[in-house]
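Comments concern the structure below.
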Amino acid sequence: MDDHTELQFLDRTVTFDQFVDSLATKVALRIHQVEKGQLEISQAQAFRMFGRADVERWIKSGKLQPVRISPGKKRYRLVDLQKLASIQQNYLL
């Protein structure tokens, strides 16, 4: 794509460079939030990303605690979930 290519969205039209710059900024912000442990996801998102059985097992064993609880909703730090998912599990012991 060249510098003059335009992308049309439902609410506006932007150049390709504007789109890439905006996307890069959002990706960089998310990476920063993950690295600093600031990015939180809902329990439903955690179930979809890491599997319901694993997330429930981590909660039951005390390895995973919600960082925020509001009526009917729990949120977990993404970095905590990623660390638990990276640990090799031995279910026979």
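Just so it is clear, none of the values below were taken in a lab; they were calculated from the coordinates. As the structure is a prediction and not an experimental result, all values here were calculated from the model. Don't worry about glycine lacking a Cβ; one is built from the backbone with ideal geometry, like all the others, and counts go over all protein chains shown.
Every residue, every condition in (1) in contact with a helix residue (DSSP H, G or I) (Cβ under 6 Å, 6 or more places away or on another chain); (2) among the β-branched types (Val, Ile, Thr); (3) farther than 30 Å from Leu64 by Cβ, yes or no:
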position	(1), (2), (3)
Asp11	no, no, yes
Asp17	no, no, yes
Val20	no, yes, yes
Ala28	no, no, no
Gln33	no, no, no
Ala44	no, no, no
Arg48	no, no, no
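Taking the numbered list (1) free of Cβ contacts under 8 Å to residues at least 24 places away in the same chain; (2) touching a helix residue (DSSP H, G or I) at 6+ places or on another chain (Cβ under 7 Å) in turn, Ala85 passes all entries but (1).
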